[in-house]
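Beneath this line is the structure, given in structure tokens, with notes to follow.
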Amino acid sequence: MPFRLLVPLGLLCALLPLHHGAPGPDGTAPDPAHYRERVKAMFYHAYDSYLENAFPYDELRPLTCDGHDTWGSFSLTLIDALDTLLILGNVSEFQRVVEVLQDNVDFDIDVNASVFETNIRVVGGLLSAHLLSKKAGVEVEAGWPCSGPLLRMAEEAARKLLPAFQTPTGMPYGTVNLLHGVNPGETPVTCTAGIGTFIVEFATLSSLTGDPVFEDVARVALMRLWESRSDIGLVGNHIDVLTGKWVAQDAGIGAGVDSYFEYLVKGAILLQDKKLMAMFLEYNKAIRNYTRFDDWYLWVQMYKGTVSMPVFQSLEAYWPGLQSLIGDIDNAMRTFLNYYTVWKQFGGLPEFYNIPQGYTVEKREGYPLRPELIESAMYLYRATGDPTLLELGRDAVESIEKISKVECGFATIKDLRDHKLDNRMESFFLAETVKYLYLLFDPSNFIHNNGSTFDVVITPYGECILGAGGYIFNTEAHPIDPAALHCCRRLKEEQWEVEDLMREFYSLKRNRSRFHKKSMSSGPWEPPTGPGTFSSSENHDQAREKKPAKRKIPLLSCPSRPFTSKLALLGQVFLDSS
């Protein structure tokens, strides 16, 4: 008997009271300029409070006006907020923070750090800031974007994570000690997202530094997850990285799984990789077949497809934005409107929401100022121009200010039912929530560039194009310019070709045909078949020897079409309405 959802009428309750800039009786949409300034004021209230009360700790505690370390003692909020400063137009503060980070951040510390969080927040934040440095007026060194202090910091942080990938499966541990590597007693159980959320940052790092180790380990981890899916095409929530056995077998699109699916799509667009997109589209079929009910997505048993949890999680609200990236706009809007009704009911998204009952789940009533629904609104507004999406932005600004704003920043909402607050402001509030809100209300922002303008950059490896648009946001909303991946490639490819020819020459002395076919063939990347050791740069030569013959990828030049139209083949939505 099919499972049906009974959404109560109480879900469709009244909006918060109308404010200046909100739609009036004539149906006018919120005024973007008004809300853009409101969002900017939100950012500086939170950012200044962090600097005054919490720096150099990771995060602000807004109720006690002090700070604490949460993810590794990196001054994390400062790293996470850096590219938001530029998006808001503050180049002078961007420049100052770059200097502060170079002087104060140290990764050679005895700290157990989340591999996932360090990657998306620290590596991703530093890479994005590195690629935006010239636009922010930072005096870059010769060879940029293929060199630079922020790039070296990102590489150092990423190398600290590589020991986590030294497992029989190639899937990483969830935690690593930045000084000593993986602790002997570390649990081998890692969530799916903690395994599959590296390709955006690590492929970018490999492209900029020329060291393939980062992209290689990320691809191996993705492939091992793909090979571990069930017969009906679903993946579970947690897996043992030593044995490859699923520990938590709940399948869905939310917490513990979410950014794995996100990175298959974004990795496909960033790298123009058809294999990654094909993997996601296969997953998408299984997700529609087994987890989707009335435009909601539930949790099911990964082997049987039977419903295990009829709940909506706030982290699932990224899904409509992801659907828009593959061009599935109608389904994306229907699901978005379901999620928006929950926001209207509470003035935020509770962590868990019981769909049949139409109410929060016990002990999951909080809203830590997450960005996911706002993120989807931003993507969908770029794709459709539907003013309903601006209304969500208005509601978010009004409710966050009304409920969450305190003297020292913005506090996590502990309970949406009575608006009790918790003493934490997570770094993603400045990295994601404020950023997506601002971009929703700022259609002329450089992030939305449609390819009509761009910068020509001369590097030691030739000429390349930057700033043409089509930015790929990592899952912490750090934008990566996809064109940058082509800026540091040509000389290294030519170097590999020379080395291939030399190896072939000497091999021919022993066996004239042994390596000829291998060195002259072309084809898609295939992952290593067994576990590898990726702990030092000396493996660079080994990785290069295993490197299959390369597809010839020309450097970008002045495009005959807008740059983003090339990405539109894989669903890129950062195009204007024309």
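What to note about this one:
- Among all positions in the stretch 295-313, there is no residue which is surrounded by 24 or more Cβ atoms within 10 Å (Cβ to Cβ), in contact with a helix residue (DSSP H, G or I) (Cβ under 9 Å, 6 or more places away or on another chain) and among the acidic types (Asp, Glu).
- Test for Gly196: is it at pLDDT 95 or above, on the phi > 0 side of the Ramachandran plot and of a type outside the set (Ser, Thr, Tyr): no
- All positions within the stretch 333-381 that are closer than 16 Å to Val311 by Cβ, of a type in the set (A, V, I, L, M, F, W, C) and outside any helix (DSSP H, G or I): Leu349, Phe352, Ile355, Val361
- Any chance Asp26 is of a type outside the set (Ser, Thr, Tyr), at pLDDT 95 or above and over 30 Å from Ser308 (Cα atoms): no
- Residue ID - nearest to the chain's Cα centre (by Cα), chosen from residues in the stretch 326-348 that are open to solvent by 10 Å² or more (accessible area, probe 1.4 Å) and among the hydrophobic types (A, V, I, L, M, F, W, C): Ile326
- Scanning the stretch 120-137 for residues that are of a type in the set (Lys, Arg) and under 12 Å from the mean Cα position of the chain (by Cα) yields a single hit, Arg121.
Residue-by-condition table, conditions (1) open to solvent by 10 Å² or more (accessible area, probe 1.4 Å); (2) hydrophobic (A, V, I, L, M, F, W, C); (3) within 22 Å of the chain's Cα centre (by Cα):
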position: Glu139; (1), (2), (3): yes, no, no
position: Gly148; (1), (2), (3): no, no, no
position: Glu156; (1), (2), (3): yes, no, yes
position: Ala164; (1), (2), (3): no, yes, yes
position: Gly196; (1), (2), (3): no, no, yes
position: Ser207; (1), (2), (3): yes, no, yes
position: Asp216; (1), (2), (3): yes, no, yes
position: Leu225; (1), (2), (3): no, yes, yes
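- Residue selected from the stretch 431-470 under the condition of a type in the set (S, T, N, Q) and at pLDDT below 95, by the criterion surrounded by the most Cβ atoms within 10 Å (Cβ to Cβ): Thr459
- Every residue from the stretch 39-82 that is at positive phi and either touching a Leu at 6+ places or on another chain (Cβ under 8 Å) or outside any loop (DSSP other than H, G, I, E, B) (or both): Gly72, Ser75
- Matching residues in the stretch 170-184 - criterion: being over 19 Å from the mean Cα position of the chain (by Cα), assigned to a loop (DSSP other than H, G, I, E, B) and surrounded by fewer than 24 Cβ atoms within 10 Å (Cβ to Cβ): Leu178, Leu179, His180, Val182, Asn183, Pro184
- The one condition in (1) open to solvent by 10 Å² or more (accessible area, probe 1.4 Å); (2) free of Cβ contacts under 8 Å to residues at least 60 places away in the same chain that Gln272 fails to fulfil: (2)
- In this structure, Gly256 does not satisfy being open to solvent by 10 Å² or more (accessible area, probe 1.4 Å) and either under 13 Å from Gly233 (Cβ atoms) or of a type in the set (Ser, Thr, Tyr) (or both).
- Subset of the stretch 308-332 [part of a helix (DSSP H, G or I) and touching a Pro at 6+ places or on another chain (Cβ under 6 Å)]: Ala332
- Summed over the stretch 376-430, the residues that are without any contact (Cβ under 8 Å) to a residue 40 or more places away in the chain and crowded, with 17+ Cβ neighbours inside 10 Å give a count of 1.
- Filtering the stretch 185-194 to residues that are more than 14 Å from the chain's Cα centre (by Cα) and not β-branched (Val, Ile, Thr) leaves Gly185, Glu186, Pro188, Cys191.
The values are calculated or read from the model by the stated rules, or taken from the named source; none is laboratory data. Quantities reported herein were computed from a predicted structural model and do not represent experimental measurements. Cβ sites come from the backbone with ideal geometry, for glycine too, and all protein chains shown count toward neighbours. Protein only, heavy atoms only, side chains kept; ligands, DNA and RNA dropped before computing areas. Shrake-Rupley method; radii C 1.70, N 1.55, O 1.52, S 1.80 Å.
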